[in-house]
Amino acid sequence: MPDVRIGIIGDFDDSFPPHLQTNEALCHTASALGISIDFNWLPTDELHDYSKFDALWCAPGSPYKSMQGALKGIRFAREHHLPLLGTCGGFQHVVVEYARNVMAIRDAAHAEYDPYASQLFVQPLSCSLRGQTMTVQIEPDSLAARSYGCLLVEESYYCDFGLNPTHQEELQCAGLTITGQDLNHEARIVELRTHCYFLATLFVPQARSRPGAPHPLIRTFIISAVA
């Protein structure tokens, strides 16, 4: 029996580097912690029993085959206090799920699916971050800060969409706290502080995971799943 079971929300593509890096990062973490991890990719256009997993990871790769399928998995983790990590597209869908189901903004939208929606919570970035490595400033006394052990980090990106800055304040006031920002004060990490582990990054932490040196956010994610 594995020590921990991880469900990866996403439509696996073996030609997409972040998907391969996701698998590799879990292997790095399992080896570093001395545990066994069983992980399964969960296609967004299929039904799944999320309760059989110890944690869920919403992976890069949007637009997903089913946006609703991805949102359903995120909502399950949030409502059932199942550890959740969202990265890249996962970050974007965490924002939309929270806006729709917690803030009751039913028409909260993602521009990749509906570019002309009136309530765009996720919009195209003014400049694509795909392939870039940039500085992220971490808020003290946050899950991210405790995971990193520092307040300034360098991270890699693979995205063209991010949180609409006009919605940052209302999202924070509703409880989804922005705990990581770039040097222009745009959101790069969000957390739900009332949850055991609910964290999403616009960057791709798995890209910086290495054998013997798993990424600190993925390490604490797995530790929370074991707990």
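This table checks each residue for (1) under 16 Å from Asp160 (Cβ atoms); (2) surrounded by 13 or more Cβ atoms within 10 Å (Cβ to Cβ); (3) touching an Asp or Glu at 6+ places or on another chain (Cβ under 7 Å); (4) β-branched (Val, Ile, Thr).
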| position | (1), (2), (3), (4) |
| --- | --- |
| Val95 | yes, yes, no, yes |
| Asp107 | no, no, no, no |
| Glu112 | yes, yes, no, no |
| Ser118 | no, no, yes, no |
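Say we look at segment 215-227 and pick out the residues that are more than 18 Å from Ala145 (Cβ to Cβ) and in contact (Cβ under 8 Å) with a residue 60 or more places away in the chain; which of these is farthest from the chain's Cα centre (by Cα)? The residue in question is Val226.
You will find that of Arg78, Arg146, the residue that is surrounded by 13 or more Cβ atoms within 10 Å (Cβ to Cβ), touching a residue at least 60 places away in the same chain (Cβ under 8 Å) and either in contact with a His (Cβ under 6 Å, 6 or more places away or on another chain) or among the basic types (Lys, Arg) (or both) is Arg78 and no other. Taken together, Asp3, Asp49, Asp14 contain a single residue that is surrounded by 15 or more Cβ atoms within 10 Å (Cβ to Cβ) and either modelled with pLDDT under 95 or over 18 Å from Phe221 (Cβ atoms) (or both), which is Asp3.
For segment 149-184, the set of residues classified as touching a residue at least 60 places away in the same chain (Cβ under 8 Å) and of a type in the set (Asp, Glu) consists of Glu170 only. Of everything in segment 119-154 that is of a type in the set (Gly, Ala, Ser), at pLDDT 90 or above and out of contact with any Leu (no Cβ under 7 Å at 6 or more places or on another chain), the residue that is nearest to Lys65 (Cα to Cα) is Ser142. Within segment 18-38, residues that are touching a residue at least 60 places away in the same chain (Cβ under 8 Å) sit with their Cβ atoms under 6 Å from residues that are in a helix (DSSP H, G or I) and not small (Gly, Ala, Ser), at 6+ positions apart or across chains, in these pairs: Gln21/Gln206; Thr22/Gln206; Ala25/Gln206; Ala25/Ile218; Thr29/Ile218; Thr29/Arg219; Thr29/Ile222; Ile37/Leu26.
Going by the structure shown, is Ala70 buried (at least 24 other Cβ atoms within 10 Å of the Cβ), over 22 Å from Ser147 (Cβ atoms) and at pLDDT 95 or above? Before you say what the answer is, go through the steps one by one.
Working: buried (at least 24 other Cβ atoms within 10 Å of the Cβ): yes; over 22 Å from Ser147 (Cβ atoms): yes; at pLDDT 95 or above: yes.
Judged against the criteria, Ala70 is a match.
No other residue among Leu82, Leu129, Leu151, Leu143 is on the phi < 0 side of the Ramachandran plot and touching a Phe, Trp or Tyr at 6+ places or on another chain (Cβ under 6 Å) apart from Leu129.
Just one of the numbered conditions (1) within 30 Å of Arg5 (Cα to Cα); (2) surrounded by fewer than 20 Cβ atoms within 10 Å (Cβ to Cβ); (3) hydroxyl-bearing (Ser, Thr, Tyr) is not true of Thr166: (1). Flag not set for Tyr116, criterion: aromatic (Phe, Trp, Tyr), at pLDDT below 95, touching a Cys at 6+ places or on another chain (Cβ under 6 Å) and part of a loop (DSSP other than H, G, I, E, B).
Applying the set (1) touching a strand residue (DSSP E or B) at 6+ places or on another chain (Cβ under 9 Å); (2) closer than 21 Å to Val96 by Cβ; (3) of a type in the set (Lys, Arg) to Arg208 leaves exactly one unmet item: (2). Taking segment 32-46 as the range and being hydroxyl-bearing (Ser, Thr, Tyr) and either within 15 Å of Pro83 (Cα to Cα) or surrounded by 14 or more Cβ atoms within 10 Å (Cβ to Cβ) (or both) as the test, only Thr44 passes.
Restricting attention to strands (runs of 3 or more DSSP E) lying wholly within segment 1-111, give those where 1 or more residues are over 23 Å from Cys196 (Cα atoms) and touching a Ser or Thr at 6+ places or on another chain (Cβ under 8 Å).
Working: elements: 4-9, 37-42, 55-58, 84-87, 108-110.
Here the list reads 108-110.
The values are calculated or read from the model by the stated rules, or taken from the named source; none is laboratory data. Remember, predicted model here, so these are calculated numbers, not experimental data. Positions of Cβ are backbone-derived with ideal geometry, glycine not excepted, and every protein chain shown enters the neighbour counts.
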